[in-house]
Every structure is written in structure tokens, then in C-alpha cells.
Amino acid sequence: MNHQNGRKKLNLAAPHRRALLRNQAITLINYGHIASTKARLKEVQRFVEKLVTIARAGNSYSLRRRVKALLPYDDSALTTLFTEIAPRYTVRPGGYTRIIPLGCRVSDTAPIARLEWVE
């Protein structure tokens, strides 16, 4: 059985985890890259790829509402996603981001990586 193996919990409560993913996604959309632990970035990558898949279908009101429900904090990130990022990937069937390993953190030897858009 493969029950309850859907996503990592990241040792956070559900509202905290949801806020973390949203804030990391907004930072990725606004700045083009983020650096964090590899486990966090894998979850952010899943979240962001779903957003881009929704946004690349067009700039309709219903699609903007769907993405706005997932990213309620920042309207400028929503605009950037629909006008700049999603049009780049209209013919790409997936894999909009890449994770580049950066080694380990000195303090606790956690694996650090960088998440960025694929050109």
C-alpha cells in the first residue's frame, strides 16, 4: 500500500507549512531563484510547477482566481507569473524548474540547494 506518502511534512504544522510554501513560491516568482534545504525545495518545486501548469493555459479570469486561491499574499507575483513566466513554458510539457545542489550547511550539515527556472 502507498497510503499517506503524498508529501513531506517538513516538521511543521499544516498552516505553517502552507504559508512556507506560498512565501517560497512568491520569492521564486519575484526573484527567479531561492536557496534552502533540499527537502523544502522539493516541496516548493511541486507547488510551483502546478501553479505554472495552471497559468500557462491562458490569462482568463477563472485561471487567475485558481492561482490567487493558492497565492493570496502578493498580487504582483500573480501578475509576473501570468505575464512573464507562464508564456515561456507554453510548449514545454513540464519540468519548469531545476534544483542545483550547493553542498551542506556548516552548522548542522543539512543539504542546501538552489531552485531556479529552466530557460
(message) When the residues of the stretch 46-76 are narrowed to those that are within 12 Å of the chain's Cα centre (by Cα) and farther than 18 Å from THR90 by Cβ, which ends up most open to solvent (accessible area, probe 1.4 Å)?
(response) ARG46
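Find the residue count for the stretch 16-31, including only residues that are within 14 Å of THR79 (Cα to Cα) and either buried (at least 17 other Cβ atoms within 10 Å of the Cβ) or touching a Pro at 6+ places or on another chain (Cβ under 8 Å) (or both).
5
Can you find even one residue in the stretch 88-97 that is touching a Lys or Arg at 6+ places or on another chain (Cβ under 7 Å) and of a type outside the set (A, V, I, L, M)?
Restricting attention to the stretch 88-97, the residues satisfying the condition of being touching a Lys or Arg at 6+ places or on another chain (Cβ under 7 Å) are 89-90.
Of the ones still in play, those that are also of a type outside the set (A, V, I, L, M) are 89-90.
Checked against the condition, which is being touching a Lys or Arg at 6+ places or on another chain (Cβ under 7 Å) and of a type outside the set (A, V, I, L, M), the stretch 88-97 yields at least one hit.
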(message) For the stretch 1-25, give me each residue that is under 21 Å from TYR96 (Cβ atoms), in contact with an Asp or Glu (Cβ under 9 Å, 6 or more places away or on another chain) and part of a loop (DSSP other than H, G, I, E, B).
(response) ARG7, LYS8
(message) If GLY94 meets every condition in (1) in contact with a Ser or Thr (Cβ under 9 Å, 6 or more places away or on another chain); (2) surrounded by 12 or more Cβ atoms within 10 Å (Cβ to Cβ) apart from one, which number is that one?
(response) (2)
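The values are calculated or read from the model by the stated rules, or taken from the named source; none is laboratory data. Quantities reported herein were computed from a predicted structural model and do not represent experimental measurements. In this analysis, Cβ positions are derived from the backbone assuming ideal geometry, glycine residues included, and neighbour counts consider all displayed protein chains. These area figures cover heavy atoms from the full protein model, side chains too; ligands, DNA and RNA do not enter into them. Shrake-Rupley method; radii C 1.70, N 1.55, O 1.52, S 1.80 Å.
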